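What follows is a set of notes on a single structure, which appears directly below.
The values are calculated or read from the model by the stated rules, or taken from the named source; none is laboratory data. Just so it is clear, the model here is predicted, and its values are computed rather than measured. Note: ideal-geometry Cβ built from the backbone for every residue, glycine included; neighbour counts use all protein chains shown.
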Amino acid sequence: MRLRFKVFNKLLTLLGASIVILIIFLYTLAKQPAADEFITIIKENSQELTQPPTEIVPKLLNLTNFEYLIENRLCHSYKKELLAILIVTSYAGHDELRSAHRQAISQTKLSDLGIQRVFLLAAVPEREHFITQSQLQNEQKRFGDLLQGNFKEAYRNLSYKHIMGLKWSATECRKARFIIKIDDDIVYDIFQVKRYLDALELENPTLTSSSHLLAGYILDAKPVIRLQANKWYVSEQEYAGNVYPDYLSGWLYITNPQTALRLVKQSTNSPIFWIDDTWVTGILREPLAIPLQRLNSWFSANPDFLNCCVRDLKASSLECDLYVGPNGGDNKLLIEFLHNVEKCYYDECVKRSKQQILKNTCVGTFKRLLPDHGEANIKPFKLGR
């Protein structure tokens, strides 16, 4: 009996020791990451080593379920010194416009200037028949320059897209010294922008590295439109004031990651307003006391002036004294404009005399423009029986 008890006691002790060893083994195994987890950890640590810590706003405005349908890590893979990230507000169906931007100046040539470009998109709406999500995925595979949020493409959702672009730039492209924001239907001289940024860094380094840099076309004391028939009608419930704070045109403006992050954080404390440039660079900016830098002389609201610049550059290499304006529905104008102003960047242009200023010499010409996705051909024909 005693022998059986001793044997049982030894077995019990051995079993207990085995259980303890097994627990220690399982605990050690659990602490070791799988191969893919280890890669992720290394990636995150490497980012922390190369990028300063920044407080990140966890969601996009009031969208608690926000996520990217197409993510973009362009800035992480860019190994050169990054002067600026160029964010282009684009509609998902504007594939031809995006193509025009790429033809006007490639990502490779932008890279030579120290600039990278990303197009900001939202989810394809049900009414859109000319493009699908699959096509956008293919576009991203080919060019790698799209960033798409999961909110719907709609004019009144532009504020979401605007903040998405600033937030992404401020957090994913922290090594960029500047952010250039433009609309996709705008013609712009990226070479002049590059000259301006280089000069700004030399002449005003304090402003360049500050958290209060906003430069562009200033719209001063614009009254709120209360006429319901007007496209820009705003009710008193949407905005109670009668005059907007000074703000920048969304056609093109320049900021930096530090300033952009302040605006993004401020957006979480403000009711969303659907006129995005007014909201972001005016309403959100005002309580932050960020002054605006005036670049109004760069801009023209008339695309004919930009066409005249192209004509004069081709004919006699006359320098264009306008740098930003609408394309007037002509997607190819940006291509023509950038291909011709590039030579001025290399000092191959002639300055205009007072007699040659555009307002004195420019004569507009009629252009018959086709829609982006073709034009219907309607004519009568005889029906057969």
>> Scan the stretch 276-298 and tell me whether some residue there is closer than 21 Å to residue 246 by Cβ, outside any helix (DSSP H, G or I), out of contact with any Asp or Glu (no Cβ under 9 Å at 6 or more places or on another chain) and of a type in the set (Phe, Trp, Tyr).
In response: no
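Okay, residues lined up against (1) farther than 17 Å from residue 161 by Cα; (2) assigned by TED's automatic domain parsing to the domain that holds residue 182; (3) of a type outside the set (S, T, N, Q):
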residue	(1), (2), (3)
242	yes, yes, no
250	no, yes, yes
263	no, yes, yes
266	no, yes, no
277	no, yes, yes
287	yes, yes, yes
> Looking at 120, 63, 69, which one is touching a residue at least 24 places away in the same chain (Cβ under 8 Å), hydrophobic (A, V, I, L, M, F, W, C), within 28 Å of residue 269 (Cβ to Cβ) and surrounded by fewer than 18 Cβ atoms within 10 Å (Cβ to Cβ)?
Replying inline: 63
>> Restricting to the stretch 233-243, count the residues that are out of contact with any strand residue (DSSP E or B) (no Cβ under 8 Å at 6 or more places or on another chain) and either surrounded by fewer than 11 Cβ atoms within 10 Å (Cβ to Cβ) or within 17 Å of residue 287 (Cα to Cα) (or both).
In response: 6
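Table: residues versus (1) among the aliphatic types (A, V, I, L, M); (2) over 30 Å from residue 343 (Cβ atoms); (3) touching a residue at least 40 places away in the same chain (Cβ under 8 Å).
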{"residue": "190", "(1), (2), (3)": "yes, no, yes"}
{"residue": "195", "(1), (2), (3)": "no, no, yes"}
{"residue": "216", "(1), (2), (3)": "no, no, yes"}
{"residue": "220", "(1), (2), (3)": "no, yes, no"}
{"residue": "248", "(1), (2), (3)": "yes, no, yes"}
{"residue": "258", "(1), (2), (3)": "no, yes, yes"}
{"residue": "262", "(1), (2), (3)": "no, yes, yes"}
{"residue": "266", "(1), (2), (3)": "no, yes, no"}
{"residue": "272", "(1), (2), (3)": "yes, yes, yes"}
> Under the condition of being surrounded by fewer than 21 Cβ atoms within 10 Å (Cβ to Cβ) and either in contact with an Asp or Glu (Cβ under 8 Å, 6 or more places away or on another chain) or hydrophobic (A, V, I, L, M, F, W, C) (or both), which residue from the stretch 306-321 is nearest to residue 88 (Cα to Cα)?
Replying inline: 310
>> Anything in the stretch 319-364 that is more than 28 Å from the chain's Cα centre (by Cα), more than 16 Å from residue 304 (Cα to Cα) and not in a loop (DSSP other than H, G, I, E, B)? List them, or say none.
In response: 350, 354, 355
>> Among the residues in the stretch 159-169, are any farther than 25 Å from residue 82 by Cβ and of a type outside the set (D, E, K, R)?
In response: yes
>> Considering only residues that are of a type in the set (S, T, N, Q) and surrounded by fewer than 22 Cβ atoms within 10 Å (Cβ to Cβ), which ones fall in the stretch 90-113?
In response: 99, 103, 106, 107, 108, 111
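Regarding residue 98, is this residue part of a helix (DSSP H, G or I), within 15 Å of the chain's Cα centre (by Cα) and closer than 30 Å to residue 65 by Cβ?
yes
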> If you check residue 262 against the conditions, is it closer than 30 Å to residue 348 by Cβ and part of a helix (DSSP H, G or I)?
Replying inline: no
> Of 217, 160, which residue is touching a Ser or Thr at 6+ places or on another chain (Cβ under 7 Å) and not basic (Lys, Arg)?
Replying inline: 217
